Amino acid sequence: MFGSRFGGSSLKVSPREVPAPDYDPPQPAGRAEAVLAGGCFWCTEAVYRELDGVLAVVSGYSGGSAETADYGTVCTGRSEHAEVIQIAYDPARVSYGELLRIFFAVAHDPTQLNRQGNDVGPQYRSAIFYADAEQKAVAERYIAQLDAAGVYTAPIVTRLETLAAFFEAEAYHQNYAALHPGQPYIQAVSTPKVEKLRAYFGEALR
């Protein structure tokens, strides 16, 4: 299994060999947003903060109601929320499809159902919260493309969910990995993802 060097992965190929999306149409100029769920938001946030063209990354919750959008409730696994990151980016510098490529190649394992490693529960599900029909189309086509290419040892289980709302997480969760580099979980889970990004996608970094 290729990903064992970086803490485990279902990839059969180098992250660099995960193909870019065949369908990735240009977006209007300005500021765009993407909302992705790939396990603990501390770790996915750390990856995307490194990318050129990313303007801001905010950890939060999507999938449930405002009343249950707090860490304690989300951790029960009964809130319908997933831990997500909201990525603000400049489409002239990085495309939505390129963000998805990093999501599938580096940020998480898209073949794990309702978990990422030892983080278990629907709050850790793999999901793309699409804001419009174009985002949905890019994601749908890309998942089909990756499955057809056979770059993983198992089928992709990433869910496509309508983005009804994004709720910002508590302040202490924001930029957590950078502020707590010595924390054991960060060292074991987050740091290897960032190292993988730097090793295989160095030209995409800020």
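The values are calculated or read from the model by the stated rules, or taken from the named source; none is laboratory data. Everything numeric in this text was worked out from a predicted model, so none of it was measured. Here the Cβ positions follow ideal geometry from the backbone for every residue, glycine too, while neighbour counts run over all protein chains shown.
A few notes on this one:
- Boolean, residue 35 is assigned to a helix (DSSP H, G or I), crowded, with 18+ Cβ neighbours inside 10 Å and either touching a residue at least 24 places away in the same chain (Cβ under 8 Å) or under 17 Å from the mean Cα position of the chain (by Cα) (or both): no
- Of all residues in the range 125-139, those that are over 26 Å from residue 78 (Cα atoms) have Cβ atoms under 6 Å from Cβ atoms of residues that are at pLDDT 95 or above and assigned to a helix (DSSP H, G or I), 6 or more apart or on another chain, in 138/96; 138/97.
- Unmet requirement for residue 133, which otherwise passes all of (1) crowded, with 20+ Cβ neighbours inside 10 Å; (2) farther than 22 Å from residue 112 by Cβ: (1)
A quick yes/no check of all residues on (1) over 21 Å from residue 177 (Cβ atoms); (2) in contact (Cβ under 8 Å) with a residue 60 or more places away in the chain; (3) surrounded by fewer than 23 Cβ atoms within 10 Å (Cβ to Cβ); (4) of a type outside the set (Gly, Ala, Ser):
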site	(1), (2), (3), (4)
62	no, yes, no, no
65	yes, no, yes, no
69	yes, yes, yes, no
74	no, no, no, yes
81	no, yes, no, yes
84	no, yes, no, yes
87	no, no, no, yes
92	yes, yes, yes, no
97	yes, yes, yes, no
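- Search result, residues across the range 138-154 that are in contact with a helix residue (DSSP H, G or I) (Cβ under 6 Å, 6 or more places away or on another chain) and more than 15 Å from residue 108 (Cβ to Cβ): 138
- Scope the range 155-192; condition buried (at least 19 other Cβ atoms within 10 Å of the Cβ), small (Gly, Ala, Ser) and not in a helix (DSSP H, G or I); matching residues: 169
- Scanning the range 10-27 for residues that are under 19 Å from residue 201 (Cα atoms), in a loop (DSSP other than H, G, I, E, B) and not aliphatic (A, V, I, L, M) yields 10, 12, 14, 19, 21, 22, 24.
- Looking only at residues of the range 179-193 that are hydrophobic (A, V, I, L, M, F, W, C) and touching a helix residue (DSSP H, G or I) at 6+ places or on another chain (Cβ under 7 Å), we find that the one that is farthest from residue 107 (Cα to Cα) is 186.
- The range 144-154: number of residues that are part of a loop (DSSP other than H, G, I, E, B), under 18 Å from residue 117 (Cβ atoms) and of a type outside the set (Gly, Ala, Ser): 1
- Pick from the range 193-206, criterion out of contact with any strand residue (DSSP E or B) (no Cβ under 9 Å at 6 or more places or on another chain) and closer than 30 Å to residue 64 by Cβ, ranking: surrounded by the fewest Cβ atoms within 10 Å (Cβ to Cβ): 194
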